[in-house]
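The values are calculated or read from the model by the stated rules, or taken from the named source; none is laboratory data. Bear in mind that the values here come from a model prediction, so they are computed numbers and not experimental data. Note: ideal-geometry Cβ built from the backbone for every residue, glycine included; neighbour counts use all protein chains shown. Side chains are part of the model used for accessible areas, which takes the heavy atoms of the whole protein and leaves out ligands, DNA and RNA. Shrake-Rupley method; radii C 1.70, N 1.55, O 1.52, S 1.80 Å.
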Amino acid sequence: MLRAPLRRLWLKIHRWIGLSLGPVLALTALLGAVLVVALPIDRYAHPALFVARSAADARTGMAALPLEPLRQRILAEFGPGTSFTLRPPRTPHETLWVYVRGPWDGTLYLDPATGAEQGRRGSHEGAYNLLFELHSSLLLEDTGKGILAFVALAYLFLLVTGLVLWWPTRWPPSLRIVLNRGLLRGLFDLHRIGGAVLGLVIAVSIFTGAYMAWRPLGGFISTAMGQELVKPPVVPKGPATGPRLSLDELVARARQVFPGQPVGYAQVPAKPDRPMRVRFRLPDDPHPNGISSVWLHPLTGEVLAVRRWQDLDAGSGAVVVIYPLHTGELGGLVHQAITVLLGLALGGLGLSGLWLWWRRRAVAAAARDIALANNRASS
């Protein structure tokens, strides 16, 4: 059992970490819970963006859309310095997504059979994109990601201080929540016991979010384990030898490495000194988008590197599990429901902590006023 001075110190540390970082934690957690629900709602509300008009024809085996004319069209509209990523349809009903990065940042939604544009949305347009950017970067891009990573790691210390304050003198501990002695007592029990019971589970969600938001964390882990970081290959310097291949031929070269496996993404660089990357979703890959990759010379199609997800260093390879674990995709609908509940729980812990602090200050101030009034009356 903690002695009174040490307990007061731990309480002060816990309180001020919660007061300073609690609102940010609560906001990001609640936004994360909302995003899990908002994703299917967004797709349902905007069928023109996500449902291919020729879905019925696509099921009959219509030839795939030629990619080279699509590349020329994108470069003609957005400029030669534009990079883009193709996300092929995952089902016969889906559109082809093209993530554009250049003078305009956003996503094009195309009919996969005809190439007709069904709509487009900028990176900062739409309610879902706004919620996602608030959740992932606080609308501050890389700076916001660094802030969120720091806040997430600070939560781990907040969890430790909360567990120290909760730690019972007798086991098994009592998990009773008293609800018939007023709102203040009920919220205090919910905050204390909820943090103790769910804290470690919430920590997993917090840490995975920090891991994805701040990429240097993966490098730190690999370095700490004595592993060399697996980096993208370098395109050989000098003029390319051989004819320049079309985008269709480049993707076909990559498919030869993993025949019969679906393409997750095809990342086309803006400059010829950067390799092209084609990601595949292999049967044993836990990542829903696939992370096993073939790196190609963007002009000649020479295979520069092949890396399965098992070949990555620990820090980079951990994303294979961390991403679906954080988004709730690892365990289907049940996991997604748990993710929503954990987000709501963390938001509730943060808000209840703020309310308890404010309410106790108000009660203490009222008690001081009464005592001062009594002293004046007696004098």
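General remarks:
- Scanning residues 5 or more positions from Ala305 or on other chains, those with amide H under 5 Å from its amide H are Trp295, with H placed 1.01 Å from N in the peptide plane.
- Amide proton proximity set for Leu282, modelled H, under 5 Å, gap of 5+: Ile291, Ser292
- Per the Cα gyration tensor, region 123-266 maps to an equivalent ellipsoid with semi-axes of 49, 20, 16 Å, ordered largest to smallest.
- Restriction of the trypsin sites (Lys or Arg not before Pro) in region 162-211 to DSSP coil positions whose beta-carbon has at most 13 other beta-carbons within 10 angstrom yields Arg170, Arg176, Arg181.
- Computed per residue of the chain from DSSP H runs no shorter than four, each worth -39500 (n - 2.57), the mean residue ellipticity at 222 nm is -18500 deg cm²/dmol.
- Three principal axis extents of region 1-56 based on alpha-carbon atoms, in descending order, are 71, 21, 10 Å.
- Spin-label pair Ser20-Thr169: with each label point 7 Å from Cα along the Cα-Cβ axis, the two points sit 3.2 nm from one another.
- In the chain, the C-alpha radius of gyration followed by the widest Cα-Cα span (Dmax) gives 26.5, 101 angstrom.
- Over region 1-125, the hull volume per residue, using the convex hull of the C-alpha atoms, is 172 Å³.
- The shape of region 200-292 can be summarised by an equivalent ellipsoid whose semi-axes, obtained from the alpha carbon gyration tensor, come to 32, 19, 12 Å from longest to shortest.
- Normalised by residue number, the volume inside the convex hull of the Cα atoms of region 247-298 is 67 Å³ per residue.
- Split the chain at each of the GluC sites (Glu not before Pro) in a DSSP loop with at most 15 other beta carbon atoms within 10 Å, and the longest piece is 229-379.
- Using 0.36 nm per residue and subtracting the Cα-Cα separation, the extra length available between His124 and Ala45 on full extension is 26.7 nm.
- Pairwise inverse Cα distances across region 178-251, averaged and inverted, put the Kirkwood hydrodynamic radius at 18.2 Å.
- Normalised by 2.2 N^0.38 Å, where N counts its residues, the alpha-carbon radius of gyration of region 242-379 equals 2.00.
- Potential lengthening between Arg255 and Asp311 on full extension [0.36 nm per residue; Cα-Cα distance subtracted]: 18.3 nm
- Accessible surface of the chain [probe 1.4 Å, protein heavy atoms]: carbon and sulfur percent: 63
- In the context of the full set of protein chains, residues of the chain present 56 Å² of accessible surface per residue (probe radius 1.4 Å, heavy atoms only).
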